[in-house]
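Chemist: Before anything else, here's the structure in question.
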Amino acid sequence: MASADLTNIKSNRSFTKSSAIGKSRTITQAIVRGLCFICAAFSIVATVGIFSILFLESIPFFQQIPISSFLTGTKWEMMGNDPKYGVLPLVTGTLLITIGSGIVSIPLGLCVGIYLSEYAPSKVRKILKPILELLAGVPSVVFGYFALSLVTPGLRGGTEYLTQILPTLSPFFPEFRPANAAAGAIVVGFMTLPLVSSLCEDAITAVPKVLREAAFGLGCTKAEVISKVVLPAAFSGIVASFILALSRAVGETMAVTIAAGATPQLTFNPGNEVMTMTAQIVNVSKGDISRGDIRYQSIFAIGLVLFLITFVLNLIAQHYVRKMAGRR
Amino acid sequence: MSTPAFLNPPAHTQKRKRRNLFFQSICLFAAFIAVAILCTLIYKVVVDGVGRVSLDFIKANPSQMFPDKAGIWSPLVGSMYIMALTIIFVVPVGVAAAIYLEEFTYRKNRLVRFIQVNISNLAGVPSIVFGMLGLSLFVTVIGLGKSILTGALTMSILVLPMVILVTQEALKAVPKSYREASLALGSTQWQTIRRAVIPRAIPGILTGIILAASRAIGETAPLIVVGAVGLVTFPPDSLDDRYTVLPLQILDWIGQPKEEFRIAAAAAILVLMGLLIVLNSLAIIIRARQQAKG
């Protein structure tokens, strides 16, 4: 910061130190600066805290369940005489929701981002942006209600209608249960759409105007300018937005808990009930389970997997963001 | 793109023009869908729940037995507690951290860059993981139990990265000349920050606080983990009382088999959305006024 260079001048400091008022002023300054530093450093404490707690609390779990059987087990059953703690069904449940949400949010979000940055007149932008912000601010629980009361009935009605007009194809249509992965994925896609659109808009707006003008000058249509010049130039930022949306979908909890169900099973059928890692954590937390219980310990093991997945995704996204910033 | 447009045969130009129009319509259509999603959602909730919203609904406590008389008083009070406490905890820390990162760092050295990357990472951590931090740290290690205080502290750590990032943006937007003028008059850096920079950045900081507040009343998952319960039939008296929040009450009602509870859930969603829309419009008004000032 250039302004700070001014205060860095040594003579300025010795000048303020010369008077008593000046001295108290520099002391105040030092104290405030120290306090502000502590606050900033607190974020590091939080990260270290999260990491160490997930790690420490899951150690007792891994002493009873070997890591290999946790990571490769295909059944998660906490009840009964022979409880099984295999995380795979939870991971595939999360994967199904995440991929499904990406199918909804990525193309829609990208197109909205293009519309906002390239086509929308400023009046439309002024209305559309707050609407998208509001959509981003709708609580997760509300999306859960939406999935249950509208999306799932819609999916069921849709397949019923399709079976009627195309009876030969009916074996290929999934049968949608009251709670199903598809509804969860769709609403999570809606939730992450504003994230994709606003980050894509930022990335596209950051593309220098010269590039557009050069392409127009060569006789390109607007669609050609966007698809062949602007989007490739904004590529890093756009990819970052996609990855961040997926990472958000992995960590999404309430809508998925309500919409996708509570049966951990290894399936890729979007009509089936699935349980995500986050939903499992909620499920255990809702019951009153004490600290020594293996079920209590198991949520920290799941939390560790969840944290690592989102952490890696975020690092990749940041890599792309930095790439974009570096090129500008 | 390989050949200039005027050399192409007319048929090709026609095709390109059509493709151009098609591309534009797709983008417009996507924007339309985004708006339609929000409208459908609001429409559905209003149709389901508007008949149920009344002063009695707000002032009655939830009840398992009488779905018709159940209200949202205790969860609403719980949400207000969580929101207020979160703001009280997070604003001083968040603003101070942002001031350090934007104003007190002469050159962005390694430590500052590390803190910055760390904050972005923290912002991407799933909310439920913060709940697990709270469960282990506040409930067990510090021994605050499953209280409102635990919930608010957990929520504060959750919204902290957002407050820091938004405040940093607000500070960045203050013109350099403000700082230079103040420093040239002989103020220390802290005086400059306090009297020249912060007053100018206040609207931006307020927007950040409002965003944090709306996040704090909308989030549910971390509170479930740190022990907010589904059904509490009386508002909390003190900070270590058991409590519930509005989204959690909604979750509870959605899970009930009776139709009346689903309607109550829709009505509670309406109240929650109403609160959020009020907060959001506040933020928009503040921003518009700031832009008008230039």
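Since every read-out is calculated from the coordinates, none of them should be taken as a lab result. Since the model is a prediction, treat every value here as computed from it, not as a measurement. Cβ coordinates were reconstructed from backbone atoms using ideal geometry, including for glycine residues, and neighbour counts include every protein chain displayed.
Chemist: What spacing in nm lies between the two simple spin-label points modelled at B:Leu282 and B:Glu180, each 7 Å away from Cα in the Cβ direction?
Modeler: 3.7
Chemist: Can you tell me the dipole magnitude for chain B around its Cα centre, using point charges on the Cβ only (Lys, Arg +1; Asp, Glu -1), in Debye to the nearest 20? If you can, show how the numbers build up before the last one.
Modeler: On the way: 27 positive and 14 negative charges, 345 e Å.
Dipole size: approximately 1660 debye.
Chemist: Take each of the peptides B:228-240, B:146-158, A:275-287, average the number of other beta-carbon atoms within 10 Å over its residues, and list them starting from the highest. Before the final figure, lay out each step's value.
Modeler: On the way: B:228-240: 15.4, B:146-158: 25.2, A:275-287: 23.7.
Packing order, densest peptide first, comes out as B:146-158, A:275-287, B:228-240.
Chemist: Where in region B:53-74 does the label zone of B:Met80 land, with the point 7 angstrom along Cα→C-beta and an amide N cut-off under 11 Å?
Modeler: B:59, B:73-74
Chemist: Identify which of A:Phe55, A:Phe242, A:Phe216 has the largest mean-square fluctuation in a Gaussian network model of chain A, with springs joining Cα atoms closer than 10 Å.
Modeler: A:Phe216
Chemist: Rounded to the nearest 20 debye, what is the charge dipole size of the protein assembly as shown about its Cα centre when +1 sits on each Lys and Arg Cβ and -1 on each Asp and Glu Cβ? Working shown, then result.
Modeler: Numbers: 53 positive and 30 negative charges, 604 e Å.
Charge dipole, the protein assembly as shown, about its Cα centre: 2900 debye, nearest 20.
Chemist: Take the alpha carbon atoms of region A:31-48, find their center, do the same for region A:212-231, and report the distance between the two centers in whole angstrom.
Modeler: Centre-to-centre (Cα) distance: 47 Å.
Chemist: Once label points are set 7 Å from the Cα along Cα→Cβ at both A:Leu308 and B:Ile26, what is their separation, rounded to one decimal in nm?
Modeler: Label at A:Leu308, label at B:Ile26, 3.9 nm between them.
Chemist: What residue among B:Ile88, B:Ser156, B:Asn109 has its Cα farthest toward the positive end of the dipole of region B:23-160, where the charges are +1 on Lys, Arg and -1 on Asp, Glu, each on the Cβ?
Modeler: In region B:23-160, that residue is B:Asn109.
Chemist: Kindly provide the helix-only [θ] at 222 nm of chain B, computed as the sum of -39,500 (n - 2.57) over DSSP H runs of four or more divided by all residues, to the nearest 500 deg cm²/dmol? Intermediate values should be presented prior to the final figure.
Modeler: Details: 12 runs with 206 residues, N = 294.
Calculated at 222 nm, the ellipticity per residue is -23500 deg cm²/dmol.
Chemist: What is the average number of partner chain Cβ atoms found within 10 Å of a Cβ in A:249-259? Don't jump to the answer; show the numbers that get you there.
Modeler: On the way: counts 1, 1, 7, 4, 11, 11, 1, 1, 6, 4, 0.
If you average over the peptide's residues, the count of other-chain Cβ atoms is 4.
Chemist: If you count, for each residue, the other Cβ atoms within 10 Å and average over each peptide, how do A:26-33, A:232-239 line up from highest to lowest? Don't skip to the answer; put the middle values down first.
Modeler: Values: A:26-33: 14.9, A:232-239: 19.5.
The densest-packed peptide leads the list: A:232-239, A:26-33.
Chemist: Given the options B:Val129, B:Thr192, B:Ile217, identify the residue whose Cα lies farthest towards the positive end of the charge dipole of chain B (+1 on Cβ of Lys, Arg; -1 on Cβ of Asp, Glu).
Modeler: B:Thr192
Chemist: Report, in deg cm²/dmol and to the nearest 500, the calculated mean residue ellipticity at 222 nm for chain A, where each DSSP H run with n ≥ 4 adds -39500 (n - 2.57) and the sum is divided by the residue count. Mind dumping the intermediate values first?
Modeler: Numbers: 15 runs with 236 residues, N = 328.
Rounded to the nearest 500, the figure is -24000 deg cm²/dmol.
Chemist: If you take each beta carbon of peptide B:131-139 and count the beta carbons of other chains within 10 angstrom, what is the mean?
Modeler: Details: counts 6, 13, 9, 1, 9, 10, 4, 0, 1.
The shielding value for this peptide is 6.
Chemist: If contacts are Cα pairs under 8 angstrom and at least 6 residues apart, what is the relative contact order of chain A in percent?
Modeler: Values: 423 pairs, mean separation 79.6, N = 328.
Normalised by residue count, the contact order of chain A is 24 percent.
Chemist: How shielded is A:285-298 by partner chains, expressed as the average number of their Cβ atoms within 10 Å of its Cβ atoms?
Modeler: Details: counts 12, 8, 0, 3, 0, 0, 4, 0, 0, 0, 0, 1, 0, 0.
Partner-chain Cβ atoms within 10 Å, mean over residues of A:285-298: 2.
Chemist: Under a 10 Å cutoff between Cα atoms, tell me which one of B:Val45, B:Val112, B:Val91 has the largest fluctuation in the Gaussian network model of chain B.
Modeler: Highest fluctuation of the listed residues: B:Val112.
Chemist: How far apart, in nm, are two points set 7 Å out from the Cα along the Cα-to-Cβ line at A:Met79 and at A:Leu166?
Modeler: 3.9
Chemist: Note the count of lysine pairs whose C-alpha atoms are less than 22 angstrom apart in chain B, limited to pairs 8 or more residues apart or on different chains.
Modeler: On the way: B:Lys44/B:Lys258; B:Lys59/B:Lys69; B:Lys59/B:Lys258; B:Lys69/B:Lys258; B:Lys108/B:Lys172; B:Lys108/B:Lys176; B:Lys172/B:Lys293; B:Lys176/B:Lys293.
Close lysine pairs found across chain B: 8.
Chemist: Among A:Val225, A:Val45, A:Val141, determine the one that fluctuates most according to a GNM of chain A built with springs between C-alpha atoms less than 10 Å apart.
Modeler: Checking each option, the largest mean-square fluctuation is seen for A:Val45.
Chemist: At a Förster radius of 22 Å, what calculated FRET efficiency corresponds to the Cβ-Cβ distance of B:Ile58 and B:Leu231, to the nearest 0.05?
Modeler: Details: r = 17 Å, r/R0 = 0.79.
Working from the Cβ atoms, E equals 0.80.
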